Amino acid sequence: MRWFWMAAGFTALILGLLGVALPLLPTVPFLLLAAFCFARSSPRLHNWLVNHPRFGPPIMDWHREGAISLRAKRLATLSIVAVFGLSVAMGLGVTLLAIQAITLACVLVFIWTRPHGARSLATTDDQT
């Protein structure tokens, strides 16, 4: 079972890394999944991921507070609007657009009802 979790962790990590470069592919959910899988397969890989200077902070924000940074919320919203706009531009059927709109609206409600987290609020305070 350990090998299954490790393979799933590497798959999620690769998808998360691709999400850094591809604007419509989310990064943090895949990193959260990778951390979950590595916690069950390799303490060394789990520690590496959660202590990584770039990828560790959003994982720890979620783990400690269930928080999503304000920047991540804005990027997610922008991506969701872009995806829906692309669907409209492609001329998808009304039923499919309605299903997509309801699903994406639920995702946005979930994202925006999560706390920003202490790290995000400290960054906002520093900029004022």
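The values are calculated or read from the model by the stated rules, or taken from the named source; none is laboratory data. Just so it is clear, the model here is predicted, and its values are computed rather than measured. Here the Cβ is made from the backbone with ideal geometry for all residues, glycine too, and neighbour counts use every protein chain on show.
Determine if the range 30-41 includes at least one residue that is loosely packed, with under 14 Cβ neighbours inside 10 Å and among the hydrophobic types (A, V, I, L, M, F, W, C).
Start the filter on the range 30-41 by keeping residues that are loosely packed, with under 14 Cβ neighbours inside 10 Å, which leaves none.
Scanning the range 30-41 turns up no residue that is loosely packed, with under 14 Cβ neighbours inside 10 Å and among the hydrophobic types (A, V, I, L, M, F, W, C).
Have a look at Ala12, Ala7, Ala34 and point out the one that is at pLDDT 90 or above and more than 15 Å from the chain's Cα centre (by Cα). Walk me through it before giving the result.
Numbers: Ala12 fails: more than 15 Å from the chain's Cα centre (by Cα); Ala34 fails: more than 15 Å from the chain's Cα centre (by Cα).
That would be Ala7, the only listed residue that is at pLDDT 90 or above and more than 15 Å from the chain's Cα centre (by Cα).
In the range 23-34, is there at least one residue being farther than 23 Å from Gly117 by Cβ, in contact with a helix residue (DSSP H, G or I) (Cβ under 8 Å, 6 or more places away or on another chain) and outside the structural domain of His116 (by TED's automatic domain parsing)?
Within the range 23-34, one or more residues are farther than 23 Å from Gly117 by Cβ, in contact with a helix residue (DSSP H, G or I) (Cβ under 8 Å, 6 or more places away or on another chain) and outside the structural domain of His116 (by TED's automatic domain parsing).
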What do you reckon, is Gly56 over 30 Å from Trp5 (Cβ atoms) and at pLDDT 90 or above?
no
